[in-house]
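This report concerns only the one structure given below.
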Amino acid sequence: MKYALFPGCVLEGAAAEAYTSLKKVCEKLGIEIEEIPNWTCCGASHAQGVDDLAALAVNARNISIAENMGCDIMTVCNTCTLQLRTAKARLDKDEKLREKVNNILKESGHPYEYKGTSQITHFLWILDDHPELLDGKIVNPLNGYKVAAYYGCHILRPQEVMDHGDGKHPEYMERLVRKLGAEPVWFDANRKCCGFHAQLAAEHDVLKATGEIVDSADRAGAGALVTPCPLCQMQLDMYEPEGREAVHSQAQVPILHLQQLVGLALGLTKEEVGFNRHVSAQDKLKLG
Amino acid sequence: MSKEISRRTFIKGAAAAGVVVAAGSYFTWNGNNIPEKVKKGDITYDVLIIGSGGAGMRAALAAAENKNLKVAVMTKLVPTRSASTMAQGGMNGVTGVSDPTDTVESHVFDTIKGGDYLCDQDAVEYFAERAGANIYEMDYMGYPYNRQKDGCFHQRKMGGHSHPRASYFEDRAGHAMVHTLFEQCLENGIDFISECQMLEISMSGEKNDQLNGVIAMDMRSGNLIGVPAKSVIIATGGYGRVYWIRTSNPYSSTGDGIVAGMNVGIPFKDPEMVQFHPTGLSANGVLLSESSRAEGAQLKNKNGERFMEKYAPEKKELATRDIVARAIATEIEQGRGVGEGIHAGVYMDFTVIPAERIRERLGQVADLSKRFAGVDITKEPVLIAPTCHYSMGGLEMADFHTGESRVPGIYVAGECSCVSVHGANRLGANSLSEVLVFGHTAGDGAAAYAKEHNYAGSQDKLAQDCQKWKDRFEEVTSRPEGCGKTVPEIRDAMVNTMWYKAGVYRQEDQLNQATQELKALEEEYKHCYVGDSSHVYNTAFEQYIELGNLLQISHAIVQGALARKESRGGHSRRDFPKRDDKNFLKHTLIFKDQKTGEYRAEYKDVVITKYQPKERKY
Amino acid sequence: MDVKLRIHRFVEDKKWVQDYTLPVTVGMTVLEALTQIKEHQDPTLSFTCSCRSSICGACAVRVNGNAELACEILVENLMKRYDTDELTIEPLGNFRVIRDLIVDWDPKYARIKKIKPTVHPKAEFSAEEGCKQSPEEFNKFKKLAGCILCGSCVSECNKNSWNQDDFLDPFVFVKAAKITRDSRDKDPKEHLKAVVDAGLWRCFNCQECTAKCPKGLDPAGAIEKLKEATFKMGLDDNVGARHAKAIYDDISDSGTLDESKLNIKSEGFFAAGLRAPMALRLMRVGKMNPLDKHPVNKEIDTIRKIVKNAEAASKEEN
């Protein structure tokens, strides 16, 4: 099993621990990943608001490189997944648009055209589609540790583009958490948005959103919150103190990348999954 | 406590100034569904429109062109929930943009022929001459017309028309119209008095012909309000709900305005003229589009016979709406239908159409069948039956140049009115144009009236009427369980009477029975059980009011149907299967005696200008 | 088979959850179920509805946390989706509740007014002769004209759930996008300015509106279209727009985001300076190192050309 990996910007920067833990976990699971050479930012859900066609063309380029590698694409960020899958859906559906974009790629000197041959899937979805990958590998079951499974937005919506499970009633991450030996908890804010993309424009509201999600997980007794999205992770972890202040809460909950939780179940230590790089709740994680 | 007292003081003050609130009301006003100045009571409207569908909002915009007039639209829901929203096909108007050979005369003739010669021909001429202009006007207001290459809106041909002349937005022509008008109303600052169930038009004077204003229940607070107005436009829509689930109309089409109009002396014209669409889902009356038959769906009875071969050997399923509706009704009546009671129907078989084409062209039909009947029409037939689609009858419009009724200051427009443009049967896409043309006309007419007259109504009478309704509310809603039948029970009995005895087919003995049954139901209605005594948004009480209106409408339909001893358009008498121009080239006018409440019928000749009645053949 | 509906009741300041059980029949929508309860079990249960064919927008409610049109969603399908015979029905979110499932639309209409919700036609058009518009121009906004004002899109809107005062409802953005894309309008900037002032850039981009629209209108996409238009019309002098532009520019600068500079570009140097404690916090755990030099993509020339050529092509289109 081999994927062309689209790591996304934050895995190269602030969320580097998500990249190192991903590599270790994939190795243990026997998933081969090769980074898409010279990939660019997906537009981070903002670029299309500046120039839609430019954002689309940039992603067509990203996908076409993976197509040339002959692999499906693995993403590890909700927003990257949404951006790439939206681009793919539009290009696959609209022949004229595809032609236009391919012309742009060609006249700009990009060597490949967009063909539509590579699928785009998220690390979480791969584990959901292939639960057998974990069989016999869980050497350190998480012993009923209470975990809040927090999907984030872009992996669920819009349904037509994302189309994995039921976006209005997802259950697959809870399934995975259970498989790892942990116990998923129901928490009120489990489908609320962390607000990452509006952190600058609507800071006050976003901090309340952040605080409420962490507080809600805490109220439900979660010993950790796990998310498949490094942007949600950054928002909830980095702004946890401000979030607490915004909603007058005392809650301190470790915010884990999905691959970190998987890694812990596969026998990696806290340090190996890079938990020491987290900002909040350093001493609260009772795993690994 | 002190709050309550000040509340009462405030209301007293309000009553003196303008808006009248029933004495003893003690509920706070919730939200802004009623404009502040109405709450404060410092406004008497020049033009008060009841109903926020196409006709109501078009009228409001026309009236409000006079900047110093005070105009408001009252609605029992919030705007945009109306029957106009559901219209699919388009709005007719001769513009020649898609067919330069089209003429106003042709539109006039198509309409008159379609109406089986019961149209007033001078009114149809007035209508057709203005319909085109209204389409251009809507373009300027921002209506999202589907376009043709030269940049003009595109016009398509609808059933019964000899030229393409219907402008549209996709298959949602009415929806786009209502939203365009609503946006205009918002930007032009038209007052909305939302979520107020109109109960009565208040009159005073010796002859009871002086308009005071309108009595309504503010659904939010339960307060009874009397809004003073110099002129009122009734634009409350049709009355298809007398057939309850056997109609394609919305829940709100309960003839409220027609009953209010009759109660102040306006006659109900041609009430028996109801259009039945042949293909409503048996399950709930929701319409399966005309295009089903156009694409080749076949109608079959329980024995699998394609029965239309018998009724219309040449056109079969493609015969006109009334012919197909009658054929289906006959099959069911003679025991060849499927299912029982009000849900009985016949099969509409789409399996003869390639599945690919069904998906492509009949997506909406497939979707509705799947959803409401659980049937995949690419694999099996779906049960359908006729469904009431449109009310041609309505409050008599005394002068189509102004939209006025025969009661001074009261105007009518839209489906609740009878102009008569549609005669005995309405043609496709004429309803939206009627709404625009006569909404506009009535708005102008009422505005002109308001400019010429001072308010001369009686605030005292308005307050009395409020109190009367308040007492009625308290009495009705405090009845104990078991005091009588429930509102839905009486309604279902009414529907059984109307559907089987005054539905697609009528005949004398059955109509006589219907009269008796309705009388009995009216008695039961007097002590029915409502079951909710809350003052806040009491929809149970609202449904009680609507049922009262439907019973009166039913009564008028039966009376009109009984008297019209012929078959014409939407009215089919088994005992008089032919049209009878000698005796019935005239309109039924049903009056309600304001003292006894008895109904009385009068007749009025149809206006003929140049089109002599001929046999109607397609 | 029976279903238990757990309905959130609210009458005259009393709130409670009431359970009703009824048999599920073929084609039974949520609206049909509510109607049956009102007619046969409890006349006090209150809700609004009108057309029952998904076009009037009167009957939207929340089922198990998701906005739905009651008249079109089948009870049977919901039971399958949630794998349960219990469904929770609430009024729409982000609306004031008047009674039971009935919500207050007045504040929403006031918000629609803010954007000047009608086309202001160009001078060459008139009420007498109408307007001209090509089918292609019509296609640019026709989907957006399908909004039925049911309120589903705002029910789970994350931004509105925290604060409605400095933002609009998704359906209002849809209306604004419709008008600004309508070629008949003489000055889209007028509507657009109102939209920016009313909070365009504060959208969380959570996609709830798009997920909930029963008409498939994609309000989140409409918001993106409005943002794009603000750049074309020079209304981009605000934090949100600068942030989007900074991300966009990073693609041409280096190929990837330079996180350490994003805030400075978006908020200006001094405002970003206020975030110094955050920066220190990040440096402490090694998440940020101002001395790191941001790497530049090896194919940056090609990437720049792609962006340029695409920009030129989209200019041509407009």
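The values are calculated or read from the model by the stated rules, or taken from the named source; none is laboratory data. Model, not experiment: these values are computed from the prediction. Note that each Cβ is placed from the backbone with ideal geometry, even for glycine, and that neighbours are counted across all protein chains shown.
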Restricting the range B:250-265 to residues that are assigned to a loop (DSSP other than H, G, I, E, B) and touching a Lys or Arg at 6+ places or on another chain (Cβ under 6 Å), the one surrounded by the fewest Cβ atoms within 10 Å (Cβ to Cβ) turns out to be B:THR254
Flagged pairs (Cβ under 6 angstrom, 6 or more apart or on separate chains; first in the range B:401-428, farther than 23 Å from B:ALA87 by Cα and among the acidic types (Asp, Glu); second at pLDDT 95 or above and assigned to a strand (DSSP E or B)) are B:GLU404/B:TYR411
Residue count, the range B:517-573, condition more than 23 Å from B:SER391 (Cα to Cα) and within 14 Å of chain C (Cβ to nearest Cβ), comes to 14
Within the range B:331-369, residues being without any contact (Cβ under 8 Å) to a residue 60 or more places away in the chain and closer than 30 Å to B:LYS617 by Cβ number 11
Within the range C:23-56, the count of residues that are away from chain B (no Cβ under 11 Å) and over 17 Å from C:ASP100 (Cβ atoms) comes to 2
Checked C:LEU144, C:LEU149 against criteria (in contact with a Phe, Trp or Tyr (Cβ under 8 Å, 6 or more places away or on another chain), hydrophobic (A, V, I, L, M, F, W, C) and more than 16 Å from C:VAL196 (Cα to Cα)); the one match is C:LEU149
Counted residues in the range A:41-73 being in a helix (DSSP H, G or I) and either at the interface with chain C (Cβ under 9 Å from one of its Cβ atoms) or among the hydroxyl-bearing types (Ser, Thr, Tyr) (or both) come to 13
Scanning the range B:90-103 for residues that are of a type in the set (A, V, I, L, M) and under 15 Å from B:LEU427 (Cα atoms), the one surrounded by the fewest Cβ atoms within 10 Å (Cβ to Cβ) turns out to be B:VAL94
*Is at least one residue of the range A:188-199 under 24 Å from A:ILE33 (Cβ atoms), crowded, with 16+ Cβ neighbours inside 10 Å and of a type in the set (Lys, Arg)?*
no
Scanning the range C:243-281 for residues that are within 19 Å of C:ASP292 (Cβ to Cβ), modelled with pLDDT under 75 and charged (D, E, K, R) gives C:LYS261, C:LYS265, C:ARG275
Scanning the range B:203-233 residue by residue, the ones that are on the phi > 0 side of the Ramachandran plot, small (Gly, Ala, Ser) and not in a strand (DSSP E or B) total 2
From the option list B:LYS592, B:LYS501, single residue qualifying as closer than 29 Å to B:LEU77 by Cα, surrounded by 16 or more Cβ atoms within 10 Å (Cβ to Cβ) and basic (Lys, Arg) is B:LYS592
Of the residues in the range B:115-153 that are out of contact with any Gly (no Cβ under 9 Å at 6 or more places or on another chain) and more than 27 Å from C:LYS143 (Cα to Cα), the one that is nearest to the other protein chains (Cβ to nearest Cβ) is B:GLU129
Here the residues within the range C:222-241 that are without any contact (Cβ under 8 Å) to a residue 40 or more places away in the chain and either within 7 Å of another protein chain (Cβ to nearest Cβ) or surrounded by 20 or more Cβ atoms within 10 Å (Cβ to Cβ) (or both) are C:GLU224, C:LYS227, C:GLU228, C:THR230, C:PHE231, C:VAL239
The residue that is farthest from C:ASP237 (Cα to Cα), considering only those in the range C:178-193 that are within 17 Å of the chain's Cα centre (by Cα) and away from every other protein chain (no Cβ under 12 Å), is C:THR180
Just one listed residue, out of B:GLU305, B:GLU272, B:GLU331, is surrounded by fewer than 24 Cβ atoms within 10 Å (Cβ to Cβ) and of a type in the set (Asp, Glu), and it is B:GLU305
Those residues of the range A:74-121 which are on the phi > 0 side of the Ramachandran plot and within 12 Å of chain C (Cβ to nearest Cβ) amount to A:GLY109
Of the residues in the range C:147-158 that are more than 7 Å from chain B (Cβ to nearest Cβ) and out of contact with any strand residue (DSSP E or B) (no Cβ under 9 Å at 6 or more places or on another chain), the one that is surrounded by the most Cβ atoms within 10 Å (Cβ to Cβ) is C:CYS157
Out of (1) more than 17 Å from the chain's Cα centre (by Cα); (2) surrounded by 22 or more Cβ atoms within 10 Å (Cβ to Cβ), the one C:LEU168 does not meet is (1)
Reported set for the range B:356-401 where residues are touching a Pro at 6+ places or on another chain (Cβ under 8 Å) and not in a strand (DSSP E or B) is B:VAL375, B:GLY393
Screening A:LEU200, A:LEU207, A:LEU264 for residues that are assigned by TED's automatic domain parsing to the domain that holds A:GLY167 and under 20 Å from the mean Cα position of the chain (by Cα) leaves only A:LEU264
By residue number, the members of the range B:154-172 that are in contact with a Gly (Cβ under 9 Å, 6 or more places away or on another chain) and either within 26 Å of B:ALA442 (Cα to Cα) or polar (S, T, N, Q) (or both) are B:GLN155, B:ARG165, B:ALA166, B:SER167, B:TYR168, B:PHE169, B:ARG172
Of the residues in the range B:138-195, those that are of a type in the set (Gly, Ala, Ser) and outside any loop (DSSP other than H, G, I, E, B) come to B:ALA166, B:SER167, B:ALA173, B:GLY174, B:ALA176
Here the residues within the range A:1-22 that are touching a strand residue (DSSP E or B) at 6+ places or on another chain (Cβ under 7 Å) and away from every other protein chain (no Cβ under 14 Å) are A:MET1, A:LYS2, A:TYR3, A:ALA4, A:LEU5, A:SER21
By residue number, the members of the range C:96-145 that are outside any loop (DSSP other than H, G, I, E, B), of a type outside the set (A, V, I, L, M), under 22 Å from the mean Cα position of the chain (by Cα) and more than 7 Å from chain B (Cβ to nearest Cβ) are C:PRO107, C:LYS108, C:ARG111, C:LYS114, C:ASN139, C:LYS143
By residue number, the members of the range C:130-150 that are among the small types (Gly, Ala, Ser) and touching a Lys or Arg at 6+ places or on another chain (Cβ under 7 Å) are C:SER134, C:ALA145, C:GLY146
Subset of the range B:460-475, residues buried (at least 19 other Cβ atoms within 10 Å of the Cβ) and under 15 Å from B:TYR525 (Cα atoms), comes to B:PHE473
Within the range A:170-216, of all residues that are β-branched (Val, Ile, Thr), in contact (Cβ under 8 Å) with a residue 40 or more places away in the chain and more than 13 Å from chain C (Cβ to nearest Cβ), the one farthest from A:LEU264 (Cα to Cα) is A:VAL214
